[in-house]
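The values are calculated or read from the model by the stated rules, or taken from the named source; none is laboratory data. A quick note: this is a predicted structure, and the numbers were derived from the prediction, not measured. Note that we place each Cβ from the backbone using ideal geometry, even for glycine, and neighbour counts take in every protein chain shown.
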Amino acid sequence: MREPAFVRQVLAVAGMEVRKLRHDPTELATRAVQPVLWLAIFGQAMAHAHALDTGSIPYLDYLVPGILAQSVLFIAIFNGISVIWERDLGIVHKFLVSPAPRTALVLGKALGAGARALVQAIVVVLLGVALGVDLRLAPGALAGTVLVVILGAAVFSTFSLIIACIVKTRERFMGIGQVLTMPLFFASNAIYPTSVMPGWVRAIAKANPLTYQIDALRELLLPAHSALSPMGLPLDFAVLAAALVILVIVSARIYPRIAI
């Protein structure tokens with residue numbers, strides 16, 4: 001009886017997060033602008049310049065999974081600001097006095113961020129198809145992509161929640177969020193292989209969960225996965241899952257502090 005109750009609590013919080021989209025449907029359109037610019041302008045320009053060696057994969061094909069992961073990151077990393085809004089509205093206090101364990105609240109918010117990120121993932125995949133990118137669209141590949149998107153969004157959403165619990169104000173949170181997104185994005189294999197990075201940047205990329213999310217997306221979506229990032233799906237999923245477990249444990253412990 002206990003496990004189904006926990007699952008219901010997680011799904012209830014996730015459902016509340018997803019329903020927020022109905023109150024601001026323009027968010028989906030505005031968030032689609034950035035991947036369009038990256039793929040239609042930056043991707044096309046770099047593909048014609050032949051500035052980076054991506055092996056047997058055309059640069060635009062190589063870029064699509066990276067921009068997909070970037071879109072997920074940008075949605076999830078600012079998800080924590082909703083916790084600050086909820087505190088100001090008194091919603092967090094209602095959560096904290098409910099019988100739901102803190103881990104259910106954190107996981108529900110993480111799952112909600114994953115569901116929101118799926119909408120963005122659909123936009124990026126459709127845009128890639130429209131640009132002629134050779135994507136693997138078999139059911140198994142798409143199912144794996146959905147799992148990677150949700151897992152990656154959950155990781156960065158939970159990380160965002162930890163930041164929100166520490167800084168506690170919208171102004172500080174937005175400033176820190178802006179500072180973190182670019183290093184996470186550029187210190188990954190999103191727009192160039194790790195082999196072209198300086199050694200110290202490559203070390204950061206290996207510790208960056210975004211690198212493993214992108215690697216998994218490339219292996220799932222690209223028919224000929226680049227040998228420039230051969231980490232493999234088992235390691236990618238293991239790193240993302242381990243990161244999520246650690247972040248959920250930490251955020252569940254400090255989540256009540258947001259109400260103080």
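Descriptive notes on the structure:
- Any hit, segment 98-116, residues being in a helix (DSSP H, G or I) and more than 18 Å from Leu244 (Cα to Cα): no
- Within segment 158-185, considering residues that are farther than 21 Å from Val123 by Cβ and among the aromatic types (Phe, Trp, Tyr), the one surrounded by the most Cβ atoms within 10 Å (Cβ to Cβ): Phe159
- Members of segment 122-140 that are in a helix (DSSP H, G or I) and either of a type in the set (Ser, Thr, Tyr) or buried (at least 17 other Cβ atoms within 10 Å of the Cβ) (or both): Val123, Val124, Val125, Leu127, Gly128
- A single member of Leu210, Leu233, Leu220, Leu228 is at pLDDT below 90 and touching a Ser or Thr at 6+ places or on another chain (Cβ under 6 Å), and it is Leu228.
- Selection status of Ala143, within 18 Å of the chain's Cα centre (by Cα) and exposed (fewer than 14 other Cβ atoms within 10 Å of the Cβ): yes
- The listed residues are Val119, Val155, and the only one of them that is of a type in the set (Val, Ile, Thr), assigned to a helix (DSSP H, G or I) and surrounded by fewer than 18 Cβ atoms within 10 Å (Cβ to Cβ) turns out to be Val119.
- For segment 51-88, the set of residues classified as within 20 Å of Ala187 (Cβ to Cβ), assigned to a helix (DSSP H, G or I) and of a type in the set (S, T, N, Q) consists of Gln70, Ser71, listed by residue number.
- Total residues in segment 168-188, condition assigned to a loop (DSSP other than H, G, I, E, B) and modelled with pLDDT under 90: 2
- Taking the criterion of being among the aliphatic types (A, V, I, L, M) and assigned to a helix (DSSP H, G or I), the residues of segment 189-211 that qualify are Val196, Val201, Ala203, Ile204, Ala205, Leu210.
- Per-region count, segment 125-153, residues closer than 10 Å to Leu221 by Cβ and β-branched (Val, Ile, Thr): 4
- Taken over segment 90-110, the criterion of being under 13 Å from Arg8 (Cα atoms) and among the polar types (S, T, N, Q) is satisfied by Thr103 alone.
- Under the condition of being touching a residue at least 60 places away in the same chain (Cβ under 8 Å) and among the hydrophobic types (A, V, I, L, M, F, W, C), the residues counted in segment 96-122 number 11.
- If you go through segment 69-84 and keep only what is among the small types (Gly, Ala, Ser) and over 17 Å from Leu118 (Cβ atoms), you end up with Gly80, Ser82.
- Screening Arg87 on (1) in contact (Cβ under 8 Å) with a residue 60 or more places away in the chain; (2) crowded, with 17+ Cβ neighbours inside 10 Å; (3) over 20 Å from the mean Cα position of the chain (by Cα); (4) within 21 Å of Ala115 (Cα to Cα) shows it passes everything except condition (4).
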